[in-house]
Structure formats: structure tokens, C-alpha cells
Amino acid sequence: MTDSARDSIYEAIASIRLIDPHTHINPHAPASNTLADLLGYHYYTELAHSAGMPKAQIEEDGISHRELVRRLVSNLSPIENTAQYRWLIEICRKFFGFTGERLDESNWEEVYEASEAQMKLAEWPQMVLDQSNVEAVFLTNDFDDQLDGFDSDTYIPCLRTDDLVFHLSKPQTQERLAACTGIDLDGSLGKLRESLRQRFDYFVQHGARACAISLPPDFSPTRVSDGRASTALNEVLLNGAMADQAHQTALSRRVFWTLAELCDEYGLPFDLMIGVNRGVYADGVFQGQDLYDSRVSLIQYRELFNAFPQVKFPISVLASVTNQELVSYAWIFPNVITNGHWWYSNTPSFISRDASARLEAVPQTKQIAYYSDAYKLEFVWPKFDMYRQILADILTNHFVKGNGWSEERAIELGRRVLRSNVDEIFPRPNPPARTDREPVECNIGDTSNSEQSTEKISITSNEELDPLPSHDEIQSANADDVQLVDDSAMPGHPDSDALASEIDPQPLNVGDILSTETDASQNPDIREPETGDSFEVDEASLLLRPDPTTGELKFPSSQIEEDESTDEESTN
């Protein structure tokens, strides 16, 4: 197998226009303003700090962008071996015309000037998207974010729910929730659910395609009874963060479970990022304090996966050591989906092993290959390209060379995991029918007088009449089954005299058919059954027959002809 097959596969999958299904990009400032926005990414600050750069030099108050870049560049030498350094160099080459191998004291100012000139362009964000071959990116939106003022087809909202689940005991969180929903928590579970539902309404109406949360290793999402949840909610509202931890845990589980129910109702995937411990390194730089540990297990989520079979759960695990378990769960559970290579597993050696295992063991329709987790648009391209290079190797060596696949078939698998699955797992939302649309005005009869009046009926232009409503739908309509009205005065309706003229003055006399003493011979059309005591249906008694073509009940043609023949004989 030559490199030409690998190169062809790489070029083909690199041409796929992407949707990045998870970023932290600010849609109002999606691209960088200076090189400091790039070097300020937590990967560089935490690696530089780990290599010996004092935290105070990185986070000094009032430091200028230019000075921060100078300081960081001076401390990049120890991290030149890392994948993250490679991202930086590739950004500088692709977007700013850099041709060197390393960024150092001799050339950083030239790159700084060139990048600043590009970043000042009003069209710079779109230029980055186009050069990166990216169609859209998912956002990470706090529950109270305003989702106006940006193109939601390019910057796709995603409801992030960490604060709702883990920080509802904080008065600030409660105040934010009340401010954005207009609903005050009063201790009732109904108000809590109503406020969460309002957030789903708002986000779905604004194009959100997923709900997401980052979860610690010890979290176990389980059902919490109404009584226990009500007690926990009242204790938390009363005592805030000082409430007993057992109450806070119970409330967290109830809120999480309610979010899963709402994902089920609204058809949103619930994106779970599992395994992060916050604040492990308390003296670390900003966003460089969190780590994983190996206690996390997906067995903690078995009740969730079983309870919501219709909810899609794209799962990210923080460490490569958890990948085999994730592969196994995606192997068994139809609603568990492997999702990207997150954080500490986002390096080439781990990606190669983990992606190979997923491609070999998990149905291809249940894999979201990668997401950038980027804070600025410039990072989407180098991160995805790192993954594409690895994917091209796997497709070439395992599927083409090992399994005998054609290049075209391998490319189609790459397309499936890179783009097609994102479209299918995160479809455009279909918001439920809103009740605040203007009703259509329909003219209906008013029985109180002889003139027509206009009454508003709650039927909107997007609603259709149900030809077979359920009992509950009938009851909710609050309409009488039968309504008697006097519409004789309405135009086009005949009066009582006109109806009387149509009545036959000689009604049919069938005699007293209920009397046991009636002589049947007085009326030859009324006959007793021939058996006397009982009557059983036989073929001869069934005058009506279903038409073999239409199913319509008709007299058999032979019977009709016999009757007509009898009539003619009697007439003659």
C-alpha cells in the first residue's frame, strides 16, 4: 500500500465542509483580536506555567496584549514538542503567512503585526470559517444567555446546564433564573419545572440543537421522589449554599432528571461530558486547575440510559482510559453515542487508539468523530486537521489495506463520522406549537340574535384540525358534544311552514307491531319467522351482499332479477 491512497483519503475528507458540534466561541466576538487571544488559550498558559513560568507573569492585572505575547513567547521553548504548540504554528502559517518552524523572540513581533492587520478586518470571522472549510459551530450558552444579535445558522446555540444542576443553591443562580424566566421559585416542584421548561422553550425557539452538561466523576443521575425533592428544594431555598449536602445532592439529581425529561419532550440530544474534577490544582492558572481521575464509570448512568430510550446521549469522557467503557456502552445502548476526544485525551496517540477502537466496534451511525472545544475560530482548523490526519491513517491501514475496502468506501465512512452524523444526531429543532400566535378570525353564527357576529377561535395558521381527536383533546376543548341552536332566522334556512308542506299527510301504517295479539295476516308485509320459536340467520335470509369489488352492501343481482320478474307477472 503506497502513500497515494492515504493522501487521496486525506484530501477527500479534508474537503468536507464541517459543523463543529462543541465550542466555547462567543458569537459576538468569534475570532481573535490580537495574538494574545491565541496565546492566552488555557493550553498555552497552563503548559508554560507547568514548565516554570510564574503565574503572576501570566495573570498580572493591566498587562497589555503585546506584553503578554512577549512573555509567553519567551517561555514557549519547553513546549515545542507538544501537539498544542503544533496548533499554534499551523495557525500562524495558514492565516498570517508565517513560514518559520518556531515562534520565538526573533520573529514574534512580525507575526503579531501581520495577525493584527488581518484581525482588524470586519469580515475576518467569516474569512476564518471559509479558510477552515467550516459551515457552522455549536456554542456553549449559559441558561440565561440572550440568543439575539447573531446568525444562529452559523453560531448554533446549545443550552449548558451546569449551573442549574450544581449551583441552584446559590442565590445568584436563583436570581438569574428568575430574571430570565419571570418565574420565582416558591418551593413548589411545579414552579421549578415551569422555569426549566421556559428555558427549553426559549432555546429551541432560537435554534438550539442540544442540551449539555459537564459532570464530576461521583455524580449518579437517579430518580428522586417528589417528597424528597420538595424537601430538598425548600431546604436549599431557605439555607442556600449552607443547606445540608444531602439536600443539595438530591436537588441536583432532581433537576438533572427533569432536564432529561425535557430533552425527551423537546427532542434535544443531551450532551454529557463526564469525569472532570474542578479545582484540583488550586494555584493553577485560569482554566488550568481541573483534572480527571479513574473513579468515573458509566455504570452510574445505567438508570438514565434505560429510562430515556428516545433521548440521544452523545458522551465525552475526559480520559482515554475510559474510552473502552464508552465503546462498550455505545456497542449495547442504542441511545449512547461516542462524542469527540475531550481535553486530556485530545492528543494524537490517544486519539489514534481511541478512534480505532470506536471505528472497529461501534455502529458507524453512532459516532461523532471530533469537536474542537475552541474558544476562538482560528483553533477549529488545526484541531480538526490533527484528527483528519489520524483518521486518514486509520481508514487507509485498517479499512483499505486490512479489510480490502475501496478508497471510496473508506472516504464515505470518514464523511459519515465527520459530518453526516452531526446533521442526523443534532437536527434542526422543530419547536412545539406556540400558544401566543394571533388567532385566525372565523365567522360563526351567534344564536342570541338574527345577525352574524365574529368570534375568535384559537386556531393558528400552523395548526391543523385533528380528524380523530382523543378523549383528552375533546375534554381540553371545553366544547359541548351537542349544541342545540335555533337558526331558523338565519338566511337560507326554511321556515316551519315550508317544512310542513313537505310532510307526507298519509304516514305508513304498519299496525301494532308490538302487540302479541296482532294478526300478522292483516299486514302481509310483516311475517313471523318460519321456525316459530327462533330465528337464525342463513345465507338465504341475507338479502344484502357485499360487492366483491367495492365492499358496498347490495342486493344480489339474481334476487333483484327475481323480484323484477315477479313484479312484471303481477302487473300482467
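Throughout, read-outs are computed from the coordinates displayed, never taken from laboratory work. Nothing here was measured: the structure is a model prediction, and the numbers come from that model. We place every Cβ from the backbone using ideal geometry, glycine too, and count neighbours over all the protein chains shown.
Observations on the model:
- Note, ³J(HN,Hα) from phi for the stretch 177-192, Karplus 6.51, -1.76, 1.60, rounded to Hz, x at Gly and Pro: 5, 5, 5, 8, 9, x, 10, 8, 6, 10, x, 8, 5, x, 5, 4
- Highest average packing first - 183-194, 52-63, Cβ atoms within 10 Å: 183-194, 52-63
- Protection proxy ranking, highest mean first, for peptides 11-21, 153-163: 153-163, 11-21, where packing is the per-residue count of other beta-carbon atoms within 10 Å, averaged.
- Ile337 long-range amide H proximity, modeled H, under 5 Å: Phe313, Ile315
- Long-range HN-HN contacts of Asp271 with modeled amide H, under 5 Å: Cys211, Ala212, Ile213
- Charge dipole magnitude, Cβ of K and R +1, D and E -1 - the stretch 224-362, Cα centre, debye nearest 20: 180
- Residue separation of Asp151 and Ala178 scaled by 0.36 nm, minus their Cα-Cα distance, works out to 7.1 nm of gained length.
- Amide proton proximity set for Ile156, modelled H, under 5 Å, gap of 5+: Val137, Phe138, Leu139
- Cα→Cβ-extended label distance, 7 Å offset, between Glu303 and Asp7, nm: 5.7
- In Hz, Karplus ³J(HN,Hα) per residue of the stretch 30-46 (6.51, -1.76, 1.60; θ = phi - 60°; x = Gly, Pro): x, 10, 6, 9, 9, 4, 5, 5, 7, 6, x, 4, 4, 4, 7, 5, 6
- Within the stretch 32-53: backbone nitrogen closer than 11 Å to the Leu121 label point (7 Å, Cα to C-beta): none
- The trypsin sites (Lys or Arg not before Pro) found in the stretch 337-438 that occupy coil by DSSP, while having at most 12 further C-beta atoms within 10 Å, are Arg434.
- For the stretch 153-163, backbone phi angles converted through the Karplus equation (6.51, -1.76, 1.60; θ = phi - 60°) give residue-by-residue couplings of 7, 9, 10, 8, x, 9, 7, 8, 10, 4, 5 Hz, Gly and Pro being listed as x.
- Along the axis of the charge dipole computed for the stretch 1-134 (Cβ charges of +1 for Lys and Arg, -1 for Asp and Glu, origin at the Cα centre), the listed residues Ala122, Tyr43, Asn107 are led at the positive end by Tyr43.
- For the stretch 130-164 versus the stretch 1-63, the gap between their alpha-carbon centres in whole angstrom: 18
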